[in-house]
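A.B. asks: This structure is in structure tokens; I'll ask about it shortly.
The values are calculated or read from the model by the stated rules, or taken from the named source; none is laboratory data. Note that this is a predicted model, so its numbers are computed, not measured. For neighbour counting, all protein chains shown are included, and Cβ atoms are generated from backbone atoms with ideal geometry for every residue, glycine included.
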Amino acid sequence: MLGLPTFGMALAITTVSAYLPVVASQFTSSAPVIGVIIGGEGVMALWIPVIAGSWSDRLTTPIGRRLPFVVAGTPMMLVGLALMGAVNSLVAIALVVAIFFAGYFIAYEPYRALYPDIFGEEVAGRAQGNQAVWRGLGTGVALLAGGALLSVASFVPFACAAVVLALANVAFAAILLRYGDPPRGERDLEAPGIRDVAGRVKRLLSEHPALRAYMAANALWELAMGALKTFIVLYVTAGLGFALAQASLIIGGVAAIVLVGGLASGSSRIDSDGCGSCAPASGSTGSRCSCLPSPRRRRC
């Protein structure tokens, strides 16, 4: 059940990225303006995960160190989703999008850090593969149903995404608190702060050319995927002339590819006994590292 928030948040952010541009096009015909609004996701991704991740490494509460961030970020996402499609100006759309993305990054990165907290290295690959499957399911449902729901009314897909997200995160929190043992951070009370983490990242990038190449390639990948999600619905509807319901069926093919990729990644075995170049893991900026393979294996 640890993948429930992945499903809810993947469905929500895919709905926003893919279908909000259609709503925004009612107020402006400028693709760059729409891109800037949705591109706020990238701006917030540069700093909110670092703050939330570092803080969650050091936080100690009765409900754990990660869960409070999910609890704090979820209402922000719900407010943003509830207002999307109901606002009647471009400025208001930009504001509710900012609220949504802020809540998303506050919740998601500490939530992702629960995986290394709970699962050992021997099942790390399978655990991440499971998360990829949930993400693929959420993305697929959003792509398949969003167009049909948007053809009913502009607020419907966002309202439905809010309901699914609320149910998923509430169920996850309830199950984790009832049957799980959320890590409370006792071992990481001296975890490095944001400045220390930023300095470590800078040092690692300067020392490891392979890591620089990896980050550059990842940035280009995210750029391509972000542009595809943002403008694919507008391209199929406004560019090719298909109705929203038809666009959902066409774009839904992408969901199958995502799901197959998630299943494939989940079936692979990852050797986590050694690693090459190390960098702070996403969502847990002070406590773990993600590694690039190296011919010369060493402990991370």
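A.B. asks: Where residues in the range 199-250 are surrounded by fewer than 17 Cβ atoms within 10 Å (Cβ to Cβ) and among the aromatic types (Phe, Trp, Tyr), which of them is nearest to Val156 (Cα to Cα)?
C.D. replies: In this case the residue turns out to be Tyr235.
A.B. asks: Looking at the range 45-67, which of its residues are under 24 Å from Asp196 (Cβ atoms) and surrounded by fewer than 19 Cβ atoms within 10 Å (Cβ to Cβ)?
C.D. replies: Ala45, Leu46, Trp47, Ile51, Arg58, Thr60, Thr61
A.B. asks: Also, quick follow-up: Which pairs have Cβ atoms under 8 Å, sit 6 or more apart or on different chains, and link a residue in the range 113-142 that is outside any helix (DSSP H, G or I) to one that is surrounded by fewer than 22 Cβ atoms within 10 Å (Cβ to Cβ)?
C.D. replies: Note: pairs meeting the criteria are Ala113/Ala281; Ala113/Arg288; Phe119/Ala127.
A.B. asks: Could you check, for the range 180-193, whether at least one of its residues is modelled with pLDDT under 85, among the small types (Gly, Ala, Ser), more than 18 Å from the chain's Cα centre (by Cα) and crowded, with 22+ Cβ neighbours inside 10 Å?
C.D. replies: Applying the first criterion (modelled with pLDDT under 85) to the range 180-193 yields 180-193.
Pick out the ones that are also among the small types (Gly, Ala, Ser) and you get 180, 185, 191, 193.
Then drop every residue that is not more than 18 Å from the chain's Cα centre (by Cα), which leaves 180, 185, 191, 193.
Still in the list and also crowded, with 22+ Cβ neighbours inside 10 Å: none.
The answer is no, given that none of the residues of the range 180-193 is modelled with pLDDT under 85, among the small types (Gly, Ala, Ser), more than 18 Å from the chain's Cα centre (by Cα) and crowded, with 22+ Cβ neighbours inside 10 Å.
A.B. asks: Would you check if Tyr104 is among the hydroxyl-bearing types (Ser, Thr, Tyr), at pLDDT 85 or above, in contact with a helix residue (DSSP H, G or I) (Cβ under 8 Å, 6 or more places away or on another chain) and within 19 Å of Ala174 (Cα to Cα)?
C.D. replies: Judged against the criteria, Tyr104 is not a match.
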